[in-house]
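As C-alpha cells, the structure follows; a few thoughts come after it.
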Amino acid sequence: MNRNQDQLKLAVARAARDYVAAHLPQGALLGVGTGSTANLFIDELAAIKARLGGTVASSEATRQRLEAHGIRVLELNAVESLPMYVDGADEIDHSLAMIKGGGGALTREKIVAAVAGIFVCVCDQSKRVTTLGKFPLPLEVIPMARAQVVRELARLGGQARLREGFVTDNGNLILDVHGLTIADPRALESELDHVAGIVANGLFARRGADVLLLAGSAGVSTHTRSA
Ligand code: 5RP
C-alpha cells in the first residue's frame, strides 16, 4: 500500500464515521467489517462510541480492536436486527457487487451483511472496477475438501491456490482463485454456493452494498445502489 492510498483510506474512514453519526439512530447497533480500511474506521468510531448501542464484529481481529477502544461488542446471536454494517472491499463494480475476503473474514462478513439493514462499503478508488475478477476470488474451504475444490474451480476456468499459513477464525482454509472473468457475479456466487466443501465465497453480489463511500483525489463521493 502506498502513502496516497493510506491517505484515501483514512479519508473514507472519517467519512464513514460522519455517515454513521448522521444516519444511525442514537443507541442503535452497528456491524463492523474487517481489514485495513475497517481498522481505520474503528479508530475513528471511538470518537462517537457514546452514541452506539453496541457493535457486532465480523472477525476476532475486529472484535479485539473495538474492545481496545472501549466499544461494546455483542454476539450476533444476541442481536435481533442490525440497522447498518460498514466494511471495506477488495473490488466493487458499478452495481455495488463486490469481491471480499482479502483479509480472510469473508464468511463472518457475509453473515453480518445478511443481517444488516444497510451495507455501507468504504473504499479507496483503486477498488472500483468495471468487471470483477482481477483480484483473486477468496473461498473459505473445509480442509478435507481442498483438493476437490481446486478441481471444481479448474472446471470453471480458475486456478485456486492455497493461502499459505492462513487459518480462518472458523478453523478453515482460504483458496484464492486466479484467472476468473466474472461476467455474472450473481450467477457465479450461486454456483459456488453449491460446491461441496466451500463454506463461503467472496462474491457479495446477491447481497451487495447499498451505499459506497469512495475516496478519490477529489474527495469522498457517495454512491447509492440503483433499484
Ligand atoms: C476482509 C475484507 C476486506 O474488507 C477487504 O480485504 C479490504 O481490505 P482493506 O481495507 O485492507 O483493503 O473483505 O476479509
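The values are calculated or read from the model by the stated rules, or taken from the named source; none is laboratory data. Worth saying up front: this structure is predicted, and the values here are computed from it rather than measured. Glycine also receives a Cβ, built like all others from the backbone with ideal geometry; neighbour counts cover every protein chain displayed. Only protein heavy atoms, including side chains, enter the accessible area calculation; ligands, DNA and RNA are left aside. Shrake-Rupley method; radii C 1.70, N 1.55, O 1.52, S 1.80 Å.
Points to keep in mind about this one:
- Remark: segment 1-87 carries a charge dipole of roughly 240 debye about the Cα centre, counting +1 on each Lys and Arg Cβ and -1 on each Asp and Glu Cβ.
- Contour minus Cα-Cα distance for Val79 and Ile142 (0.36 nm per residue): 20.0 nm
- For segment 6-66, the fraction of C-alpha pairs farther apart than 15 angstrom is 44 percent.
- Calculated diffusion of the chain, Stokes-Einstein form, Kirkwood radius summed over Cα pairs, 4 °C and 1.567 mPa s, µm²/s: 73
- Here segment 34-156 carries DSSP beta bridges of which approximately 20% are antiparallel, counting only pairs with both residues inside.
- Length-normalised contact order for segment 20-91 - Cα pairs under 8 Å, 6+ apart - percent: 44
- Note on the chain: antiparallel DSSP beta bridges, both residues inside, total approximately 55 percent of the bridges counted.
- Ranking of Val199, Val56 by solvent-accessible surface, largest first: Val199, Val56 (1.4 Å probe, protein heavy atoms only, all chains present).
- Highest mean packing comes first when the peptides 130-139, 214-223 are listed by Cβ atoms within 10 Å, giving 130-139, 214-223.
- Only helices enter the 222 nm calculation for the chain: every DSSP H run of n ≥ 4 contributes -39,500 (n - 2.57), and dividing by all residues gives -9500 deg cm²/dmol, rounded to 500.
- Projecting the Cα positions of Leu52, Ala218, Leu173 onto the charge dipole of the chain (unit charges on Cβ atoms of Lys, Arg, Asp and Glu, taken about the Cα centre) puts Ala218 furthest along the positive direction.
- Assigned charges on the beta-carbon of Lys, Arg, Asp, Glu; segment 50-141 dipole about Cα centre (debye): 160
- For the chain, the dipole from Cβ point charges (+1 on Lys and Arg, -1 on Asp and Glu) about the Cα centre works out to 200 debye, to the nearest 20.
- Value of relative contact order over the chain, rounded to a whole percent, pairs C-alpha under 8 Å and six or more apart: 22
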